[in-house]
Amino acid sequence: MRYAFRFGERLKFATLGAALALVASCSSVTDSLLEVEDPDLIAPENTNSAAGAIAVANGALGRLNDVTTGDESTWLFGGLLADEWGTSSTFIQNDEADWRKVQDNNSSVGGMLRRLYRVRTAANQAIKLLNEWQPTRTALRAEMYFARGFAELQLASDYCNGIPISDGTEIEIVFGEPETTQEVFNRAIASFDSALAIVGTATDAASVRVARAARVGKARAQLGNNQFAAAATTIGGTTGVPTTFAYQTTSSLAADDNIIWNQGLSARRYSVADSLEGNSRNLLVRNAIPFFSARDPRLPVTDTRTVGQDGGTFVRTTTLYDRLTPIDVVSGLDARLIEAEAALRGGNAAQWLQILNDLRTGPTRITQVGTVVLAATALPPLTDPGTTEARVSLHFREKAFWTFSRGQRLGDLRRLVRQFGRTPDNVFPVGPHYKTSAYGTDVNFPIHPDELNNTNLQGKTQVCIDRNA
Amino acid sequence: MHTRTLALARWAAAAAVFLGASVAYAQAGSIAVRVVDAGTSNPIDQAQVSIVGTNLGGLTNSDGRVLLRNIGPGTHQLRVLRVGYTEQKKPVTVTAGQQATAEFSLGAVAVSLAPVVTTATGETRRVEVGNTVAQIDVAKTVEVTQIKNVDDLLTARTTSLAVTQGNQTGSGSRMRIRGQSSLSLSNQPIFIIDGVRMTSNADNTNLPTGGATPSRVGDINPDEIENIEVIKGPSAAALYGTAAANGVVLITTKRGRAGQARWTAYAESGLLRDRNTYMTAYTLFGKQTSTGQPAPINFCNLQRVGVGQCTIDSVAALNIFEEDSLTPVDDGSRSQYGLQLSGGTEAIRYFLSGEREQETGVMKLPKFEEARMQAQEIPIREWTDRPNALGKNTVRMNLNSTVNPQLDLALSSGFINLTQRFSLESNATAGLGSQVFGGPGCSICAPERLTGSAAPLNTPLRGYRAWTPGYTWQEKNEQQVNRFILSGNANWRPRSWLQNRLTIGNDFAARSDSRFLFNGEGPPITNIYRNGFKSNWRQNLRNTTVDLGSTATYNPLAWLNLKTTVGAQYVNEETALGQAIGTELPPGAQTPNGAVTRTASEATTRVKTFGLFVEEAAAINDRLFLTAALRTDQNSAFGTDFQRVYYPKASLSWLISQENFFPTVGWLSELRIRTAYGASGVQPNSNDALRFFGTSIQSLQNADVGGLQIDALGNPDLRPERSTEIEGGFEAKLFNSRLSFDLTYYNKRTKDALISAIVAPSAGVAANVRRNLGAVRNEGWEILSSAQVLDRRYAALDVSLSYSTNENELISLGGTPPQIGTNTRVVEGYPLFGFWENKILGWEDKNGDGLLTYFADPARNEVFVDSVDSFIGYTQPRHLATLTTGFEFLNRRLRLQSLFDYRGGHRWYNNTERIRCTRPNCGGRMDPNASFEDQAMVIAALEHPARTNAGYFQKGDYVRFRELSLQYSFSNDLAAKLLRARSANIVMSGRNLKLWTAYRGTDPESDFQATVDNDVPSEFQTLGPPTYFILRLNVVF
């Protein structure tokens, strides 16, 4: 016997299929079945409020923290590439930076680059929201421009010539072309100017704080662009930026440890560099400031004679910064150093020397860097070495001790090449390296090839215009 | 949520009521069927008896009988299928109200595959399916060889399935079927157990082990499994929908059989031994040429000797693993005890099982550390002595009920309770790997090397890098799981031509991951590490499946049978994580409660899929089988601008040798040709389509404040990856079915491949955004051949050989630039994740000093490296082969079975050697007797400006003696006499017995990333796979 499919049964079966199709097409049913709520996510519309604007601004300042002391940043890696830090890490990325042989796709350098750009985007998003929802919070609005400017300043200081500046504020990203170092410094100057314009002449503490920070930031960018006198003018003397002023990044147990302590003294992945390297301290590193051997009271260093994280390198640690020590992003000390450099560049050696010596013997604030409190006699006055070359060397050495691991040394070494006529071989560490045969030739960080996804760069194989200082 | 559940229930109920309206019982008869072995006349149980052209049928009991009730009057074709026997059909006439009888005598065949396979629309005869389906007879496999988990069951059992296991006890594995299709999502197949989607993703933990991690697949007890089927690709998996493109593994657990209670007891015990050969550490002692003074340790190396910076005094060598007091490995142990009960009546059958499994891995506190800790009166806790261990209890109860001839009900329930702990290893800073592989070539060096400078840490390193295992293993990394997998299945046949099925099930796992270190213990990684910590992650994982289908069968013409299936499926996957972390604990504290820093957070993922499908199958003359189907899915992870996806399927299977026109060939028993086409997908991750902010906490002017930061760009157009596959081939049975040969070609193309498209950093947003941009091709051949070479009463020999190939190519990146990683690249025209580097072109010892040295001067340089990066090799094997032989003698009571496993055509990253050379302690860096190949590898990586790792991407080809087992089956008399048992056997087995390879590292299956589902193999400071030696006793009462 065959099982015929009777008409009525066929009809019922066909009806079932139709019913299922109907159910499927009924959006209310399927929407209900597929509805998902994820409590982890915060929709963009949640930022459209006064509180939301503040939260995004806080997030932007968190991003700024990431590129200074909240995360491994060019403040540390720049120190490796320059002469502040030596590698005692197992990470090849760190080694490459210290060797001055950074590959384009160095993931750490690429990560730091992203974090710098994220400061810009976060600040821009916050600016838009604050303008709409918190227009009277002028100091905070200005601080967003400061954060953006500082990221641009650090980009220009540490990365190669040819830095794309894009706008990722909205869903549609507007990609930019690579810009020269000078153009990026100009962007920083413009951002700092915006900050200054917003706070104007306001005298409330928050506005004054941001204005002073913006002045120092702008002046540093001006130095980068060879505008020495203008930089000094921007500072405006101790009235514009008192020597005791500091705009600081802070740490907490709930947020982040101070990364310089975390990676240096705590994890021992970075060792304070010296002009004599190697576990037997018999490898001469030419041009390097002897940050350990100098025994400078501004930078207390201990040669632990025990191995670092790599298990092979004896590390030298500093107690300059503790776990939660606030660190200056910009400060009155920076302002004075800028003025000193401007004076030196302007041929006024006496003023230059006076400023430096005032810092060495000045009021309490200046004699405290990190955890270090200097006695009044700790730093004897400097004497004029007599020649411009020697003065330049002395100035940058002095600055190196004052600003250790605060993201300025690499930019300063590049300026010594760019603005003071020195060759990289006479500025950057040279000679045998304790982990490889010899130092390489890098003078800045490359832009990671991820940037080739920038729509303006399709078909190209590298982003940097050049890798010169 | 409640509303949605109700909506689903209402919908299901409506469908059931609709179908129920058609129920009516005509006056019917029944058929009593008996099936026996033609050779011995012994009854055959578990034979599948069915009425052709209907959904009616049943399984024979242990007496070989089954009664088919409610059969309409008339003449019916009865078909009997049983693995190991020829298929048989015969007509039976049923009279209303009467019982007809039918007796089948089945002839045994030497080589046979299971005649029935599981498909998305239910069980189907293998010959009707146009695609290849691999089957593993788990119940038999577990009995004859050493199987500790599902990964073992799947390793080297079928073509095109590459399984790479983690090497710690309890760790999971990477599984790839027919290559890799996805650039940025998992390429792991999905698992379905008793009809229910199973949580199966790899790396199922929050423990930061730096290497081996567990998979939830590993939870499943192989002794509870009846069989496993592997659906290899979209041509077969279309109806499994938006998740199945990487293949589907179907697990069916054991069922009770009608008959008297059958007790099965088993016990196994044995050991694990690390028989790997690890690399020796070297240290070159010499004088610094410039000073004439002894150079500090690690300063001198072959390059520095070559350029004249050093002269060699001596070379020290140490292999920690070969030093009895220093080695961190020792024999581990394994034991397993289980008891199973099955039986029942025609109306209700049961299967009950309980098992306890324990395994202790090979890691063991070295003797010198034991002595040190005892001397320092430091407690040696269990996890410090044995940091890697597993304890697992499993319980299962499966019930099957034939409520009436129209209705079958089944309940499957399994409970798993396990505790396992892992050692921090390969890529964990605190782990064992960097310590045991990173130290110098001397156990006692001058000056003495110590863990730390001050007590109590100033303890000798004895050849370890920065601290010794006692410090590492004071930290405990433990996972506990309580898991319940429940499914209920109803098969309702209101008409002989209509079958409705409903499966509802849930896989729920409560997982607790715990990481703990007492205050004052552990390695001195940072200033606060030894202050202790406790991290506790508690996660619930839930997979809910509702699967509803209805199949109508009808014969519009005598030679034509049609089968129409419609169905709906709903899958809801959800994870919810809560974590509490405390660092810097008070002395003695074991909770985060008193920690200096405490953080708490939670995370949730939810993905829901709703699919509908329809399938039409036609059988023409019961020889030509055509199938066409379509499934459509909606998924919560799709972008808001994308609604639904369609997956079509079509297949043809033709028993051409049964056609009249086919010439009679004496040696050809059966020939079937088949081809199939189908599509299926891979869903995006739950939040890939969304643009959202995340929270942050930051200290601003010394006050902690919350903030928001953009986390993801989102993509409203996001849709699933869609893979289409065509496969074709034939199956032949030769020489009276003593030899089978199966050949398959497949070509799988994936379009809309989800790419984690890199967002240019300058955008200042997320690093990646998921986009459907890629296209990938996988193509290959599969050959499977089995032969019963000898088949006598006193002896037998069977051989099985499988071989498969895979060619993988990225066709398109959708206009985005190549994805350039540190060692791998994703480039159009090349395989996914291929190794790319500047090739080492050669070397020449120009100055004849016996060393290779890099000189900037080309005239003196001795190692030559290509100036541009180029493709070096596949990261996944392109060729897989297995050879299984079974030799039975002593009247076939003794069976010797072996399995050899080959993989080749790929490279393996000897990342251990790379990092050893940077420590530096590798031979190529420090041993003047090292081969030029090893020296060139190091020079190219560390001295040449190209800095290429090419030398570390080494040929990964190998042949492994994977399994050997010797099984002795007691005669029934002996079993009864000795054990009062019905039957018994004893099995001695070994796993991972021998390796032949060109790879220069420890083992070409040693991959620290395999268990985290990474597609790039990398041996990185990783222990090799252990060898197992196990003795097992199986007794049936």
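The values are calculated or read from the model by the stated rules, or taken from the named source; none is laboratory data. Values in this document were obtained by computation on a predicted structure and should not be read as measured data. With ideal geometry, Cβ positions are generated from the backbone for all residues, glycine too; neighbour counts draw on all protein chains shown.
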Residue by residue through region B:493-503, note down the ones that are in a strand (DSSP E or B) and either away from every other protein chain (no Cβ under 14 Å) or over 16 Å from residue B:546 (Cα atoms) (or both). B:493, B:494, B:495, B:498, B:499, B:503
Within region A:154-198, which residues are within 12 Å of chain B (Cβ to nearest Cβ) and hydrophobic (A, V, I, L, M, F, W, C)? A:155, A:163, A:165, A:171, A:173, A:174, A:175, A:184
Identify all residues within region B:711-766 that are hydroxyl-bearing (Ser, Thr, Tyr), within 14 Å of chain A (Cβ to nearest Cβ) and part of a strand (DSSP E or B); write none if there are none. B:756
Those residues that are modelled with pLDDT under 95, away from every other protein chain (no Cβ under 12 Å), over 22 Å from the mean Cα position of the chain (by Cα) and not in a strand (DSSP E or B), I need them from region B:404-440; list them, please. B:405, B:406
Among the numbered criteria (1) among the polar types (S, T, N, Q); (2) surrounded by fewer than 19 Cβ atoms within 10 Å (Cβ to Cβ); (3) at pLDDT below 95, which one does residue B:319 miss? (3)
Mind checking which residues of region B:527-567 are small (Gly, Ala, Ser) and either more than 9 Å from chain A (Cβ to nearest Cβ) or in contact (Cβ under 8 Å) with a residue 60 or more places away in the chain (or both)? B:532, B:535, B:549, B:550, B:567
Among the candidates A:360, A:409, A:422, A:414, single out the residue that is buried (at least 18 other Cβ atoms within 10 Å of the Cβ), of a type in the set (D, E, K, R) and touching an Asp or Glu at 6+ places or on another chain (Cβ under 7 Å). A:409
Across region A:282-307, which residue is surrounded by the fewest Cβ atoms within 10 Å (Cβ to Cβ) among those that are assigned to a strand (DSSP E or B) and among the hydroxyl-bearing types (Ser, Thr, Tyr)? A:302
Please indicate, with yes or no, whether at least one residue in region B:214-223 is touching a Phe, Trp or Tyr at 6+ places or on another chain (Cβ under 8 Å), small (Gly, Ala, Ser) and assigned to a loop (DSSP other than H, G, I, E, B). no
Identify the residue in region B:461-474 that is touching a residue at least 60 places away in the same chain (Cβ under 8 Å) and not β-branched (Val, Ile, Thr) and, among all such residues, is nearest to residue B:532 (Cα to Cα). B:474
Does any residue in region A:144-168 that is on the phi > 0 side of the Ramachandran plot come within less than 9 Å, Cβ to Cβ, of a residue that is in a strand (DSSP E or B) and modelled with pLDDT of 95 or more six or more places away or on a different chain, and which pairs are these? A:162/A:178; A:162/A:179; A:162/A:466
When you scan region B:92-99, do you find a residue that is more than 14 Å from every other protein chain (Cβ to nearest Cβ) and outside any strand (DSSP E or B), even just one? yes
In region B:835-880, residues that are hydroxyl-bearing (Ser, Thr, Tyr) and under 33 Å from the mean Cα position of the chain (by Cα) total 3
Does region A:352-369 contain any residue that is farther than 17 Å from residue A:403 by Cα, away from every other protein chain (no Cβ under 14 Å), out of contact with any Gly (no Cβ under 7 Å at 6 or more places or on another chain) and hydrophobic (A, V, I, L, M, F, W, C)? yes
Checking residue B:227 against (1) within 23 Å of residue B:508 (Cβ to Cβ); (2) at pLDDT 90 or above, only one condition comes out false. Which one? (1)
Inside region B:286-366, counting only strands (runs of 3 or more DSSP E) that do not spill past its ends, which hold 1 or more residues that are in contact (Cβ under 8 Å) with a residue 60 or more places away in the chain and within 28 Å of residue B:419 (Cα to Cα)? B:332-344, B:348-360
For region A:95-107, enumerate the residues that are more than 11 Å from chain B (Cβ to nearest Cβ) and under 18 Å from the mean Cα position of the chain (by Cα). A:97, A:98
Which listed residue is in contact with a Leu (Cβ under 7 Å, 6 or more places away or on another chain), crowded, with 17+ Cβ neighbours inside 10 Å and closer than 28 Å to residue B:1034 by Cα, from B:141, B:118: B:141
Checking residue B:942 against (1) modelled with pLDDT of 95 or more; (2) closer than 21 Å to residue B:427 by Cβ, which single condition isn't satisfied? (1)
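Each row is one residue, and each column tells you yes or no for (1) at the interface with chain A (Cβ under 8 Å from one of its Cβ atoms); (2) touching a residue at least 24 places away in the same chain (Cβ under 8 Å); (3) part of a loop (DSSP other than H, G, I, E, B); (4) surrounded by fewer than 22 Cβ atoms within 10 Å (Cβ to Cβ).
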| position | (1), (2), (3), (4) |
| --- | --- |
| B:638 | no, yes, yes, no |
| B:652 | no, yes, no, yes |
| B:662 | no, no, yes, yes |
| B:670 | no, yes, no, yes |
| B:697 | yes, no, no, yes |
| B:705 | yes, no, no, yes |
Please go through region A:255-280 and give me each residue that is of a type in the set (Ser, Thr, Tyr) and more than 9 Å from chain B (Cβ to nearest Cβ), ordered by number. A:270, A:271, A:275
Which condition number does residue B:601 fail, the rest of (1) within 30 Å of residue B:520 (Cβ to Cβ); (2) away from chain A (no Cβ under 13 Å); (3) loosely packed, with under 15 Cβ neighbours inside 10 Å being met? (2)
Extreme residue, nearest to the other protein chains (Cβ to nearest Cβ), among residues of region B:466-492 that are surrounded by fewer than 24 Cβ atoms within 10 Å (Cβ to Cβ) and among the charged types (D, E, K, R): B:476
Quick check: is even one residue across region B:580-593 within 12 Å of another protein chain (Cβ to nearest Cβ), more than 22 Å from residue B:720 (Cα to Cα) and of a type in the set (A, V, I, L, M)? yes
Is there a residue in region B:186-200 that is of a type outside the set (Ser, Thr, Tyr), over 12 Å from the mean Cα position of the chain (by Cα) and within 18 Å of residue B:1007 (Cα to Cα)? no
